[in-house]
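Heads up: the structure comes next, in structure tokens.
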Amino acid sequence: MSADLTVNARFMTQPLTGVQRYALEILRRLPKVTLASPSKPIDGYGLLTEQHQLVTKTLLWGRYGLGGHLWEQVVLPRLISKDGWLWSPGGSGPLLVSRQIITVHDVAHLEHPEWYSWKFSTFYRWLLPRLVKRVALILTVSEFSKARILDLFGLPSEKVIVAPLGVDLRFAPSSEERVKSLSSRYGIDSPYLISVASVSERKNLRRVIEAWHRVGIPGVRLVIVGAKGLPFAGKSDLPADPSVMYLGYVADEDLPVLYSGALGAVYVSLYEGFGLPLLEAMACGVPVLTSNVTSLPEVAGGAALLVDPYDVEAITQGIRRIAQDADLRQELHTMGLERAKQFTWQRTADLTWQALQDVIKEG
């Protein structure tokens, strides 16, 4: 069956963030398939090219090679055999291919276009309604996302299958020695809370920072980890503050240690299809403050402190409780570790592979 499956590997030309991490982790655990990409992968995806067959074909425009959505719509369909199937894990795919499975992580860009750049939201509002009706199957990552997809597009329930995300084994409590060494390297010289989120309106960092100002705990810092300037994110500037440290994008191997050293993790997004940083923090033994909306209560499963992400005072009180209540931190530490154990990338890969096999067999 794997010989009949091509994977839309455009994601391998993009920085390794949430959607790309999903594709990478699943493909590491699948039998050999064909990866179709507009060019050679950037750093971070090399393991996949050793495991799977890679096919690259660049769309030339004069002297320039074009990738992105134009490549996906025009070139990619030609790389699929007549009787073959395509899996597009990155949230978009070619309209010309009906023998296709697509992963739709969430529909935030349709429900809240104001959080995204005009170009990004306009394109997806045009593409996605047409694409989801044409493809054979839709994979998604939470029951919340499935419900929103069904409601927005009027699809039958059996066309959408949920395969929750997983947590890599490297996310585990780090030793005190490693935490001290890494904290010194990043210049973190005091206790801290951590917020892992790209700088975009959806991640709600403005309210988090306002709440942090209200908390005003002497000698404790807020550390924000996440990429800035993402092309789809729209306006993404945040205020400067001496008690807030912006680390930007950090190396993969550093993230579990940064989590482990924190008093708590603050992840109060306005909208998430899943919310992987929540589980990653839990797996590192870190108490989590998160939102009571969208998929986050589903993922937290009672093992995090929930607040209204639109209410700055509620966020303030939540941060204060996490930072100052040692008994609460210990309770959330224990429950979070147990909750995180329920989510593995192997389970995600198994559910995904089974769904791919079933739809190809039926088709």
Alpha-carbon gyration tensor eigenvalues x 5, square-rooted, for the chain, Å: 36, 21, 20
With every protein chain in place, the chain: carbon and sulfur % of accessible area (1.4 Å): 53 percent
Diffusion coefficient, µm² s⁻¹, Stokes-Einstein with Kirkwood Rh over alpha-carbon pairs of the range 121-211 at 10 °C and 1.306 mPa s: 90 µm²/s
Lysine pairs with alpha-carbon atoms under 24 Å apart, the chain, spacing 8 or more or separate chains: 23
Rh (Kirkwood; distinct C-alpha pairs) - the range 21-143, Å: 15.7 Å
Total formal charge among the other residues, if their Cβ is under 13 angstrom from that of Gly302, Lys/Arg +1 and Asp/Glu -1: -2
Among Pro218, Pro94, Pro164: highest mean-square fluctuation, GNM of the chain, C-alpha pairs under 10 Å: Pro218
Whole-number accessible area per residue in Å² for the chain, which is evaluated in the context of all protein chains at 1.4 Å: 43 Å²
Interchain or long-range residues, amide H under 5 Å from Met245's placed H: Leu222, Val223, Ile224
Point-to-point label distance, Ala251-Thr58, nm (Cα→Cβ direction, 7 Å offset): 3.0 nm
Cα gyration tensor category, rounded, prolate or oblate, for the range 184-228 with a/c compared to 1.5: oblate
Summed residue charge, Cβ within 11 Å of Leu95's Cβ, Lys/Arg positive, Asp/Glu negative: +2
Residue order for Phe123, Phe153 - accessible surface, 1.4 angstrom probe, largest first: Phe123, Phe153
Tensor-based shape of the range 3-45 (alpha-carbon gyration tensor, a/c under 1.5 rounded, otherwise prolate or oblate): oblate
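The values are calculated or read from the model by the stated rules, or taken from the named source; none is laboratory data. Predicted model, so just to flag it, every value in this text is computed and none were measured. Glycine gets a Cβ as well: all are built from the backbone with ideal geometry, and neighbour counts include every protein chain shown. The protein model used for the area step is the full one, side chains on, heavy atoms only, and it has no ligands, DNA or RNA in it. Shrake-Rupley method; radii C 1.70, N 1.55, O 1.52, S 1.80 Å.
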